[in-house]
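Asks: Questions regarding the structure given below will be posed in turn.
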Amino acid sequence: MISWICFEWKTAGLPPAGPSIASMAARPAEKEDREDVLRTISSTFTIDSTWGDVSREMLQKTDEAIELAFDEVPPTCLVLLHGTRIVGASAMTTNPDAENHLLTGPCILHEYRNRGLGCGLLYASLTFLRDRQIDVVRGITRANTTASRFVYPRFGGTGTPIPHRPKNENPA
């Protein structure tokens with residue numbers, strides 16, 4: 001049985017500054033970034049073995065999440081750049097009642113992992129949502145993933161096991 005965890009962060013309690021992302025630059029996505037964002041996020045789920053048994057479903061959900069984020073004006077997505085290359089992305093929703101605000105969670109290309117970039121992109125995502133008056137941010141992920149063990153507990157994130165994964169929203 002697949003176990004899921006819903007993490008919550010109170011945005012008022014975020015630290016004033018997040019972790020350094022070194023020579024990378026985080027910025028809001030632009031409409032023309034859509035295909036690069038889709039490739040980046042899809043790649044992160046495809047390569048990560050913890051998603052292997054549900055990767056086909058995740059790719060469909062990823063398409064839906066990116067469609068939702070890019071339907072907003074401006075898109076509710078952040079990208080992480082190394083030069084001009086998109087090496088990370090995080091698609092979100094600003095619906096205050098959403099069960100999952102972090103539609104994809106912070107996704108970092110495999111060759112850029114283990115540098116603190118996932119935590120940096122999570123912090124940028126949380127502040128992005130805070131700036132849009134989201135007081136409590138929720139993110140759903142699988143138990144025992146890198147996100148659930150090392151990334152989502154940061155910045156005061158508290159996890160609660162959930163009995164099922166919401167069918168209408170993409171877990172990160």
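The values are calculated or read from the model by the stated rules, or taken from the named source; none is laboratory data. Values in this document were obtained by computation on a predicted structure and should not be read as measured data. Because the Cβ atoms are built from the backbone with ideal geometry, glycine has one as well, and the counts that use them run over all protein chains shown.
Asks: Tally up the residues in segment 84-113 that are in contact (Cβ under 8 Å) with a residue 60 or more places away in the chain, closer than 19 Å to residue 4 by Cα and not aliphatic (A, V, I, L, M), please.
Replies: Of the residues in segment 84-113, 6 are in contact (Cβ under 8 Å) with a residue 60 or more places away in the chain, closer than 19 Å to residue 4 by Cα and not aliphatic (A, V, I, L, M).
Asks: With the structure loaded, tell me whether residue 138 is basic (Lys, Arg), closer than 18 Å to residue 11 by Cβ and not in a loop (DSSP other than H, G, I, E, B) or whether it fails that test. Reasoning before the result, please.
Replies: Working: basic (Lys, Arg): yes; closer than 18 Å to residue 11 by Cβ: yes; not in a loop (DSSP other than H, G, I, E, B): yes.
It is true that residue 138 is basic (Lys, Arg), closer than 18 Å to residue 11 by Cβ and not in a loop (DSSP other than H, G, I, E, B).
Asks: Of 122, 81, 117, which residue is in contact (Cβ under 8 Å) with a residue 12 or more places away in the chain and either charged (D, E, K, R) or closer than 25 Å to residue 60 by Cβ (or both)? Steps first, answer last, please.
Replies: Details: 81 fails: either charged (D, E, K, R) or closer than 25 Å to residue 60 by Cβ (or both); 117 fails: either charged (D, E, K, R) or closer than 25 Å to residue 60 by Cβ (or both).
The conditions single out 122.
Asks: Turning to a different aspect of this structure: Of all residues in segment 28-43, which are of a type in the set (D, E, K, R), in contact with a strand residue (DSSP E or B) (Cβ under 7 Å, 6 or more places away or on another chain) and within 14 Å of residue 107 (Cα to Cα)?
Replies: Correct list: 36 only.
Asks: Is there a residue being touching a Lys or Arg at 6+ places or on another chain (Cβ under 8 Å), closer than 19 Å to residue 20 by Cα and either touching a residue at least 40 places away in the same chain (Cβ under 8 Å) or buried (at least 22 other Cβ atoms within 10 Å of the Cβ) (or both) anywhere in segment 153-166?
Replies: yes
Asks: Sticking with this one: Would you confirm whether any residue within segment 104-119 is surrounded by 14 or more Cβ atoms within 10 Å (Cβ to Cβ) and touching a Lys or Arg at 6+ places or on another chain (Cβ under 7 Å)?
Replies: Scanning segment 104-119, I find at least one residue that is surrounded by 14 or more Cβ atoms within 10 Å (Cβ to Cβ) and touching a Lys or Arg at 6+ places or on another chain (Cβ under 7 Å), so the answer is yes.
Asks: Does segment 150-160 contain at least one residue that is more than 12 Å from the chain's Cα centre (by Cα), at pLDDT 90 or above, assigned to a helix (DSSP H, G or I) and β-branched (Val, Ile, Thr)?
Replies: Checked against the condition, which is being more than 12 Å from the chain's Cα centre (by Cα), at pLDDT 90 or above, assigned to a helix (DSSP H, G or I) and β-branched (Val, Ile, Thr), segment 150-160 yields no hits at all.
Asks: Hey, another quick one. May I ask you to list the residues in segment 99-147 that are within 12 Å of the chain's Cα centre (by Cα) and small (Gly, Ala, Ser)?
Replies: 105, 118, 120, 124, 125, 139, 147
Asks: Failed condition for residue 144, given (1) at negative phi; (2) part of a loop (DSSP other than H, G, I, E, B), with all others met?
Replies: Exception for residue 144: condition (1).
Asks: Among the residues of segment 67-98, write down those that are in contact with a Pro (Cβ under 9 Å, 6 or more places away or on another chain), outside any strand (DSSP E or B) and crowded, with 16+ Cβ neighbours inside 10 Å.
Replies: 69, 75, 76
Asks: Say we look at segment 7-54 and pick out the residues that are touching a helix residue (DSSP H, G or I) at 6+ places or on another chain (Cβ under 8 Å), modelled with pLDDT of 90 or more and not in a strand (DSSP E or B); which of these is farthest from residue 76 (Cα to Cα)?
Replies: Among those residues, the one meeting the criterion is 12.
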